[in-house]
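Asks: What follows is a single structure, and I will ask about it in a moment.
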Amino acid sequence: MQIIATTQRLYLRELSVDDAVHFYKMNSDQEVLKYTGDKPFSSLNEAEQFLLNYKEYEKYNMGRWAVCNKKTDEFLGWCGLKFHPNGNKVEVGYRFYKTNWNNGYATESCQAAINYGFKQLNLKTIHAHAHIDNYASHKVLEKCNMNFIKTFNYNGMPANLYKIENPDIKIKQITALETYPVRHPVLRTGRPIEDCKLTFDDHEDTFHLGLYYKNKLSGVVSLMKLNNEKFEEQDQYRLRGMGVLEQFQGYGFGRLLVETAETMVKQKGVKLLWFDARLIAVGFYEKLGFAIIGNQFEVPKVGSHYVMYKRL
């Protein structure tokens, strides 16, 4: 049994097929489902199949988790983080047996899930939504310091959208010169500091992003308005100089930088993002939805590369 987090009264653990009876019973209560838009399981077997096919932990390193009483091990409900690949965002959500309402369990477990997302997964942002009439959930999310963003349509349901930012992670625009403390040790190891300067670094359409972790510059990336003749799109940007300091590699900071860069160039109306990827980084970019075009080539003093791209 994988324990995810503990609180004063609760622990969150990974689900197992033995929890199917609870999923079946909870989802059979129309009051529990009132604001969710979900349908009850037709049978205990259907709930078992749902859990047998539940692969969120393996795919995204997060998911729904059972919320249990620390003293009795009683299953109270579930709470967890859900990754939405289409919107590229993570949401926190929860559901409890009606007999466990009004005990503060939702707030306590929701806060634990948010803390896990920030401290263990290094997520930059966590979202949540609740039906506009679900005032109890609005209070839970507000107690967890989530900020109301807007009212929107969620799968045909009027809902309020909430968001909370990781206080330890900030991504902001910086100058080309400010990227050097990361570019030099990561991308230009053993070479003169002057080699950190990239063509188009100071162009008016170029911008640079710095990721700060606990106020320390930890990673950088640069975006340049530059077309590659391999592609028909006229609105292109090139990603360059992406690097994360060695002591912060494995934290997911590279992913955050690339995702932020994508969002920012999309806001400029850009249709395609491309770059020359080092051979060792190809797998990383493929996981983020980028594809290879053309053959492998060599960059003097740097090594083997592929052109990679993503249509936005």
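The values are calculated or read from the model by the stated rules, or taken from the named source; none is laboratory data. Everything quoted here is computed from the prediction, not taken from an experiment. Glycine also receives a Cβ, built like all others from the backbone with ideal geometry; neighbour counts cover every protein chain displayed. For the accessible areas, the whole protein counts, side chains as well, though only heavy atoms, and no ligand, DNA or RNA atoms are used. Shrake-Rupley method; radii C 1.70, N 1.55, O 1.52, S 1.80 Å.
Asks: Enumerate the residues in the range 297-312 having an amide nitrogen under 18 Å from the point lying 7 Å beyond the Cα of THR189 toward its Cβ.
Replies: It comes to 299-305, nothing else.
Asks: I'd like the carbon and sulfur percentage of the solvent accessible area for the chain, probe radius 1.4 Å, heavy atoms only, ligands and nucleic acids excluded.
Replies: Roughly 47 percent, rounded to a whole number.
Asks: Magnitude of the Cβ-charge dipole of the range 235-312, K/R +1 and D/E -1, about the Cα centre, nearest 20 debye?
Replies: In total the dipole reaches around 220 debye.
Asks: May I pose another question? Using a 7 Å offset from the Cα along the Cα-to-Cβ direction at both GLN247 and THR175, what is the distance between the two label points in nm, to one decimal?
Replies: With each label placed 7 Å out from Cα toward Cβ, I get 2.5 nm.
Asks: Tell me the accessible surface of GLU46 in square angstrom (1.4 angstrom probe, heavy atoms of protein chains only), to the nearest ten.
Replies: Approximately 80 Å² of GLU46 is accessible to the 1.4 Å probe.
Asks: Under 1.5 on a/c is rounded, so check that first for the range 1-113, then, if it is not, pick prolate when a/b is larger than b/c and oblate when it is not; a ≥ b ≥ c are the square roots of the alpha carbon gyration tensor eigenvalues. Can you show the working numbers first?
Replies: Values: a/c = 1.27, a/b = 1.04, b/c = 1.23.
Taking the square roots of the gyration eigenvalues as a ≥ b ≥ c, the range 1-113 is rounded.
Asks: May I pose another question? Across all directions of projection, what mean area in square nanometres is found for the Cα convex hull of the range 244-312?
Replies: The directionally averaged projection comes out at 5.2 nm².
Asks: Pick out which of GLY117, GLY254, GLY294 has the largest mean-square fluctuation in a Gaussian network model of the chain, springs linking Cα atoms closer than 10 Å.
Replies: In the Gaussian network model the winner is GLY294.
Asks: Please work out, to two decimal places, the log10 of the ratio I(q)/I(0) at q = 0.21, 0.25 Å⁻¹ from a Debye calculation in which every Cα of the range 79-125 carries one identical scatterer.
Replies: Debye intensities relative to I(0), on a log10 scale: -0.72, -0.89.
Asks: Estimate the FRET efficiency between ALA291 and MET264 by the formula 1/(1 + (r/R0)^6), using the beta-carbon distance for r and 22 Å for R0, to the nearest 0.05.
Replies: E(calc), rounded to 0.05, equals 0.60.
Asks: For the range 103-183, state the semi-axes of the equivalent ellipsoid (square roots of 5 times the eigenvalues of the alpha-carbon gyration tensor), sorted largest first and rounded to whole angstrom.
Replies: They are 31, 17, 9 Å, listed largest first.
Asks: Could you work out how much longer the chain between MET157 and ASN45 gets when fully extended? Use 0.36 nm per residue separation minus the Cα distance between them, nm to one decimal.
Replies: 37.5 nm
Asks: If I take the Cα coordinates of the range 56-100 and project them onto the principal axes, what are the three extents in Å, biggest first?
Replies: Here the Cα extents, ordered largest to smallest, are 37, 21, 10 Å.
Asks: Report P(r) for the range 121-160: all Cα-Cα distances, bin width 5 Å, range 0 to the bin holding the largest distance, values in whole percent.
Replies: All Cα pairs considered, the percentages come to 6, 23, 31, 22, 12, 6, 1.
Asks: Compute the convex hull volume of the Cα atoms of the range 171-312, divide it by the residue count, and report the result per residue in Å³ as a whole number.
Replies: 110 Å³
Asks: Along its principal axes, what span do the Cα atoms of the range 149-204 show, with the longest given first and each in whole Å?
Replies: Answer, in whole Å and largest first: 57, 28, 17 Å.
Asks: Something else now. May I ask you to compute the full-extension gain from GLN234 to ASP133, defined as 0.36 nm times their residue separation minus their alpha-carbon distance, rounded to one decimal in nm?
Replies: 31.8 nm
Asks: Provide Rg over Rh for the range 165-252; use the alpha carbon set for both Rg and the Kirkwood Rh (inverse mean inverse pair distance).
Replies: 1.01
Asks: Beyond 37 Å, what share of the Cα-Cα pairs of the chain remains, rounded to the nearest whole percent?
Replies: More than 37 Å apart: 29 percent of the Cα pairs in the chain.
Asks: Here is a further query. Given a 1.4 Å probe, how much area per residue of the chain is accessible, in Å²?
Replies: Each residue of the chain exposes 53 Å² on average to a 1.4 Å probe.
Asks: Among LYS119/LYS225; LYS98/LYS287; LYS163/LYS225; LYS119/LYS287; LYS119/LYS150, which pairs are too far apart, with a Cα-Cα distance over 29 Å?
Replies: Details: LYS119/LYS225 35 Å; LYS98/LYS287 40 Å; LYS163/LYS225 31 Å; LYS119/LYS287 22 Å; LYS119/LYS150 27 Å.
The pairs that break the limit, which is 29 Å between Cα atoms, are LYS119/LYS225; LYS98/LYS287; LYS163/LYS225.
Asks: Here's something else I'd like to know. Order these peptides, 220-230, 20-30, by their mean beta-carbon neighbour count within 10 angstrom, highest first.
Replies: 220-230, 20-30
Asks: Continuing with this model, one more query. For SER304 paired with GLU56, estimate the spin-label separation in nm (one decimal), with each label point 7 Å from Cα along the Cα-to-Cβ line.
Replies: Taking the two extended label points, one gets 3.9 nm.
Asks: Could you let me know the centre-to-centre spacing of the range 160-224 and the range 229-266, using Cα atoms, in angstrom?
Replies: The distance from the Cα centre of the range 160-224 to that of the range 229-266 comes to 10 Å.
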